[in-house]
1. Among the numbered conditions (1) assigned to a helix (DSSP H, G or I); (2) surrounded by fewer than 15 Cβ atoms within 10 Å (Cβ to Cβ), tell me where Gly150 comes up short.
2. Quick check, is Leu172 under 28 Å from Tyr107 (Cα atoms) and modelled with pLDDT of 95 or more?
3. How many residues does the stretch 90-137 hold that are farther than 28 Å from Ile222 by Cα, outside any helix (DSSP H, G or I) and open to solvent by 30 Å² or more (accessible area, probe 1.4 Å)?
4. What are the residues in the stretch 214-271 that are modelled with pLDDT of 90 or more, of a type in the set (A, V, I, L, M, F, W, C) and more than 30 Å from Thr129 (Cα to Cα), if any?
5. Any chance you could count how many residues in the stretch 193-210 are assigned to a helix (DSSP H, G or I) and over 16 Å from Trp131 (Cα atoms)?
6. Go through the stretch 153-174 and give me each residue that's part of a helix (DSSP H, G or I), surrounded by fewer than 16 Cβ atoms within 10 Å (Cβ to Cβ) and touching a residue at least 60 places away in the same chain (Cβ under 8 Å).
7. (1) hydrophobic (A, V, I, L, M, F, W, C); (2) at pLDDT below 85; (3) part of a loop (DSSP other than H, G, I, E, B): which one isn't true of Ala37, the others all being true?
8. Need the failing condition index for Phe177 against (1) open to solvent by 20 Å² or more (accessible area, probe 1.4 Å); (2) part of a helix (DSSP H, G or I), just the number.
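The values are calculated or read from the model by the stated rules, or taken from the named source; none is laboratory data. No experiment lies behind these values; they were computed from the predicted model shown. Cβ coordinates were reconstructed from backbone atoms using ideal geometry, including for glycine residues, and neighbour counts include every protein chain displayed. With ligands, DNA and RNA removed, areas are computed over all heavy atoms of the protein, side chains included. Shrake-Rupley method; radii C 1.70, N 1.55, O 1.52, S 1.80 Å.
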Amino acid sequence: MSRYDPNPFEEEETHVNPFADGTAKKGSGQSSYGGGAFYTTDVKAKEKELQAKEAELKRREQELKRREDAISRAGIVIEEKNWPPFFPIIHHDIGNEIPIHLQRMQYVAFTTWLGLVLCLLWNIVAVTTAWIKGEGPTIWFLAIIYFISGAPASYVMWYRPLYRAMRTDSALKFGWFFVSYMLHIGFCIFAAVAPPIIFKGKSLTGILAAIDVIGGSALVGIFYFIGFAFFCIESLMSIWVFQQVLMYFRGSGKAAELKRDAARGTMMAAL
């Protein structure tokens, strides 16, 4: 047997599939090519869409940053309501917004605002007991008016100006605080005395009203004396806050700045 003879046991070449003609191969090739082109086109369209969205987001971020920078340069501060935590109605963040050397003073001032709210609330309780004991509904309605007007008005008129003055070091805001806070102190002292003038005497739990009602009812008298004590404490704390803020105001040179601003305003008004 020759060395190069074919192996008699080797199978013949695989028969060509009669159905795999040239037309089928050509059609198959076209189908594959067309699907790939469609897929590539779809991916490119999605990439363009994502790039357009990304460009739009960048544009909006730049616009937002530009507005924030403009607001910051103008000295406008965006205040988000965060107090009290369970039902935010005001913006209040002494620890992060007030300089550390002024925080104690600001906390005590905040205590006086809360103290006034407590005084007016207790005033309603005491006057309600007096009404039940026969003093009439007029003093009760007045006590309600003192509370619903005094609590928000005190915040707007003197506590918020002081907070912003401490935060921005504005001489004008300090000046507004001093004027409004003197009215607050005057009211607290007046309420602690409760003379029967201007306000109907027994609508405030002052010493004169307490002496007057204790003869008719010991319980009502006790409630009024507690209210008198609250107004006294509020008056003393408020006077301390006024003195401390005034000392800081004078020591920081803001008094001279306020005088210059006032003189400049007068001059501009005259012109």
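1. If we test Gly150 against (1) assigned to a helix (DSSP H, G or I); (2) surrounded by fewer than 15 Cβ atoms within 10 Å (Cβ to Cβ), just (2) comes out false.
2. It is false that Leu172 is under 28 Å from Tyr107 (Cα atoms) and modelled with pLDDT of 95 or more.
3. Summing the residues that are farther than 28 Å from Ile222 by Cα, outside any helix (DSSP H, G or I) and open to solvent by 30 Å² or more (accessible area, probe 1.4 Å) in the stretch 90-137 gives 2.
4. Those that are modelled with pLDDT of 90 or more, of a type in the set (A, V, I, L, M, F, W, C) and more than 30 Å from Thr129 (Cα to Cα): Ile239, Trp240, Val241, Phe242, Val245, Leu246, Met247, Phe249.
5. Filtering the stretch 193-210 down to residues assigned to a helix (DSSP H, G or I) leaves 193, 201-203, 207-210.
Adding the requirement that they be over 16 Å from Trp131 (Cα atoms) leaves 193, 207-208.
Counting residues in the stretch 193-210 that are assigned to a helix (DSSP H, G or I) and over 16 Å from Trp131 (Cα atoms) gives 3.
6. Answer for the stretch 153-174, where residues must be part of a helix (DSSP H, G or I), surrounded by fewer than 16 Cβ atoms within 10 Å (Cβ to Cβ) and touching a residue at least 60 places away in the same chain (Cβ under 8 Å): just Thr168.
7. Failing condition for Ala37: (3).
8. Against the list (1) open to solvent by 20 Å² or more (accessible area, probe 1.4 Å); (2) part of a helix (DSSP H, G or I), Phe177 comes up short only on (1).
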